[in-house]
Amino acid sequence: MNTEILKSLLAFGGGLGMFIYGMQLMADGLQKSAGAKTRNLLAILTNNRIVGVLVGALITAIIQSSSATTVMVVGFVNAGLMNLSQAIGVIMGANIGTTMTGWLVSMSEWGSFFKPDFFAPLLLVAGTAIMLFSKTERTRQVSSILVGFGILFIGLNTMSGAIAPYSDEPIFYQAFTVIGSNPLFGLLVGAVVTAVIQSSSASMGILQTLAFNGVVNWGSAAFIALGQNIGTCVTALISCIGAHRNAQRAAMLHLLFNIIGSILVGTAVWIFFLINPAISHATVSGTSLALFHTGFNIATTVLLFPFANVLVKMSERLIPDHGEVEEKKYVHLDKRMLMGPSFAFDAIRQEIIHMGTLALENISFSRDVLVNPDHFAKMEENEQKIDEYQKELANYLEKFDASTLPPREQVEMQHAMLMINHIERISDYCMNIRDSAKDMLDEKMSEYTIEDINTISSQAYKTMKYALKMRESYDIDHYEKVEKHENRVDEMESRMRETYIDRLNSGKYNVREGIYFLDTIYNYERISDHASKLAEYTLQEA
C-alpha cells in the first residue's frame, strides 16, 4: 500500500476518533448542565404522544445519540416506568433530535467564520482556560461543552483533510455511482456502517465529510442516510436481550418505525430520481444532507404518528407473550437507564418514595395488630418488599459514577444510600412491635396501655407521613410538621415511661404487659427518629 494512502487512512481514522470523542465530551457537558432542568421529564410523559415526541427530541438533542435515548426507553419500559404507548412517542422524537449533530457539522459551509480551522482553536482555548481556572461545577460543565465542540470540529477537519487529496480519484465516483444505481445497496451501506460504529450521528458526520469534498452524489447519499436510521436500531436491539417482553417490543418499535419510514421515504426519493436523473447525479453539500436528514425524520414522524397504535400492535404480534407470566417485580429500576444518570436518578427518587410508603403502611398496621391479626401477614409481606427495595437500590446506586451527576445530585446520591437504610430500620422497628404483640394476643390489655400506644403510634405515623410528603414535593414547609410530631413522640415516650413506673407501683400493670408496653413505645420513638432523619436530608437538598 502506498505510504501516502496509509497516512491518509490513519489521519481519517484519527479524525473520526476525535469527532466521536468530541461529540461524547460535548454531550456529557450538555447532559450535566441540563440535568437539573430535565429531571422531571419522566413526570410529563403521559399518554400524550405529542409531548412524548417533544421530550424524545429534546433528550436526544442534549445527549447527541438516538441510540442512547432508545436504550434508556427500553430500560424504562423494562422497569415498568413507561408503557409502549409512551415509548413510541419518545422514539419518534429521538429520530428528530439526533439530526442536531448534522446541523452542527454543516456549519463549516456557512462562511469563513464557521470553518473549523477558524473557530475550533478558539473553542479549545476558551474551554481549556475555563477548565483550568473554574471553581464551580457549572463552569466546568461549560468547559466540557466548549472543548468537546472544538475537538469535534478538529476531528471533522482532519477527516476532510485526509480525503481532500483524493477527491478526484475515479474510485469515489465509481463507488457512489454503483450505490446510487441500487437503492438497496445504499440502504445496506448506511445500515452496516452505522451498526458497526453504533452512532448515526458519527456515520452522518462521515457522509458529510465526503460531501464537503464533493465526492458524494444525491443518488447515493439519500439512501445511505436512510440506511443509517436502520443501523442505529442495533444498539437498542442488543440492549433488550434478556429484558421483559415489553422492553423487547420497545426496541422492535424503534426498528419498525425506522424501516417503514425508510421504505416510504426511500420509495418516494427513488421515484423522484427516476423522474429527475440529473439531480440524482448532482453532488450534495453537507448542509443539504443535514436538511434532508431532518426533513426525512420529521416527514416519517408526521406520516406514522397517526398509526402509532398500529405499530404497537405489530410489535406485540412479532414478540408475543406465549402465555408466559413474568416475575412480579416491586423495584422499577433497570441498568439501561444509567445511560442517562439524571433520568435514572429520577427513578430512584420514585422508588425511595414507594419504599417509604410501605414502611408507612407497616407503622399503621403495627398500631392495631392486636385487634386485627390479618395485619401480621401484611406486615411480613411489606417487610419482604422493603428488604428487596434496600438490596436493589443499594446495588443500583453502587453502579453510579458520581462524577456524571451535578453537585446537587451527588449530595442526593449520598443521602439516598442513607435514606434506604433509615427506611429499612423503620420497618424493622415495626416488625419488633409485631413480634412483641404476638406474645400478648391472649392477654387482656389495660385501657391505659391501649390508649397510650394509640397516641404515640399516631404521632410516629404523622412524623413519617410528613417526611415522605416533604421528600416527594421538596416542600420545606412540611419540615416544621415533621419536627413537631417528632418532638411530641420524644416527650410522650419519656412521660409514658415515668407514668408506667407509677402505675406499676400502684398495681395497675402486670410485669409482662409492662415489658411489652416499654418495648413498644421505645420502638415508636426510634421510628420517629429515623423518619425525622429523612426530612433532614431533604431539607439539606432543598
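Just a few scattered comments:
- Pairs from Lys391/Lys462; Lys438/Lys462; Lys313/Lys335; Lys335/Lys391 whose Cα-Cα separation, in the structure shown, is over 18 Å: Lys391/Lys462; Lys438/Lys462; Lys313/Lys335
- Length available on full extension from Glu451 to Lys335: 0.36 nm per residue minus the Cα-Cα distance, which gives 37.0 nm.
- Two-site FRET efficiency, Asn510 against Lys399, from Cβ-Cβ distance with R₀ of 51 Å, rounded to 0.05: 0.45
- Phi to ³J(HN,Hα) by Karplus 6.51 cos²θ - 1.76 cosθ + 1.60 over segment 473-483, Hz, x for Gly, Pro: 9, 6, 8, 6, 4, 5, 4, 4, 5, 4, 5
- For the chain, the longest piece that avoids every one of the chymotrypsin sites (Phe, Trp or Tyr not before Pro) found in DSSP loops with at most 13 other C-beta atoms within 10 Å covers 111-473.
- Computed over Cα pairs, the Kirkwood radius of segment 339-541 leads via Stokes-Einstein (0.692 mPa s, 37 °C) to a diffusion coefficient of 184 µm² per second.
- Compared with the dominant principal axis of the Cα atoms in the chain, helix 3-38 is inclined by about 30°.
- Mean sequence separation of contacting Cα pairs (under 8 Å, at least six apart), scaled by the length of segment 418-537, corresponds to a relative contact order of 46 percent.
- From helices alone, the chain scores -27000 deg cm²/dmol at 222 nm; the rule is -39500 (n - 2.57) for each run of n ≥ 4 DSSP H residues, then divide by the residue total.
- Residue separation of Ile238 and Lys378 scaled by 0.36 nm, minus their Cα-Cα distance, works out to 46.4 nm of gained length.
- Cα long-axis angle, helix 218-231 against the chain (0 to 90 degrees, to the nearest 10): 20 degrees
- FRET efficiency estimate (nearest 0.05) - Cβ-Cβ, Tyr21 to Asp475, R0 45 angstrom: 0.60
- Fully extending the segment from Thr139 to Gln410 would add 95.9 nm, taking 0.36 nm per residue of separation and subtracting the current Cα-Cα distance.
- Cα-based helix-to-principal-axis angle, 170-181 vs the chain, degrees rounded to 10: 70 degrees
- In the list (1) 44, 27, 24; (2) 43, 34, 21; (3) 61, 26, 16, the label attached to semi-axes √(5λ) of the Cα gyration tensor in Å as derived from the coordinates here is (3).
- Residue range of the chain that is longest and free of trypsin sites (Lys or Arg not before Pro) which are both DSSP loop and sparsely packed (at most 12 other C-beta within 10 Å): 136-327
- Label point 7 Å beyond Cα of Trp103 along Cβ direction - residues of segment 253-293 with amide nitrogen under 11 Å: 291
Laboratory data are not the source of any read-out in this text; all were calculated from the coordinates shown. Computed from a predicted model, the values in this text were never measured in an experiment. Positions of Cβ are generated from backbone atoms using ideal geometry, with glycine treated the same way; all protein chains shown enter the neighbour counts.
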